[in-house]
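Below is one structure, written out as C-alpha cells; comments come after it.
A short reminder: the numbers here are calculations on the coordinates, not readings from a lab. No experiment lies behind these values; they were computed from the predicted model shown. Here the Cβ positions follow ideal geometry from the backbone for every residue, glycine too, while neighbour counts run over all protein chains shown.
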Amino acid sequence: MRQEKSSREEAGYMAFAGPRCLALGGLEAVALKAKAWVDGGETVPVVIYEDATGLPVHPDLRGTHEDVLRRLEARRARAAAASEDAEAPKRNGPGRPKLGVVSREVSLLPRHWEWLNAQPSGASAALRRLVEDAMRSGQGHERARKSHEAAGRFMHAVAGDLPGFEEASRAFYARNPERFEQLTQPWPRDIREHVRRLVAIAARDEAK
C-alpha cells in the first residue's frame, strides 16, 4: 500500500479512458500504455494529462513503440533547446557579452537612493541581491499557485459533468477539505483518487 501511494505521488502523467485510469507515471510509459489501448481496438478515447499543469498532452501514438519513443525524445530535445535559448544572454554587438546584464532606468525615492548608495557593494549589486532574495521567497507561492491551478483544471476536465461537481469545486477553491472529500466520494474511484491526489499536492505546496 505504501509503495502504491508513493507511485501516485511521483506520477507525472495520467492516461484516462473515460472514468478509468489506464496508467500513471513518466510520459514514455504512459504513452505506451495509451498506445496499447488504442491499438487494441478500444472505442473509448484515451487522454493523457500532465500533473504539473492539469492539461492534456497529445503524443503521436502512430507506428511502433520505437517510433513513439523516438518522437517523444525529439520533443523533449526541442523543449530543452528552446529553454536554453530563452535563458541565454543576448549579444547586441561585437565583444564579450556582459553576463546577460541589462541596463534600464529605475525610479526610486530619495531615501531609497540614499540607502542604496550607502551599501558597500554599490547600488546595482544591492538591487540585484534584493531582487534575487524576493525571487527566492516567492518561489514557494508560485509553486503553490501553479499546483492549485493544475488541480482545478484536471478536476474540471475529468469531473465537470459528474454529480456534485459545482459544490465540490466551490469547496476546493474555499480550501474546505472535509467538504471536498464528502462531495467527491460518489465519483468513480479512479477520478476521485486522482483528483484528490492533485488537491493534496496543492495543499502541501500551500503549506510550505
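Numbers below:
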| quantity | calculated |
| --- | --- |
| Ordering of 154-163, 72-81 by burial proxy (mean other Cβ atoms within 10 Å per residue, highest first) | 154-163, 72-81 |
| Inter-probe distance in nm under a simple model that places probes 7 Å from Cα toward Cβ, at Val106 and Asp133 | 1.3 nm |
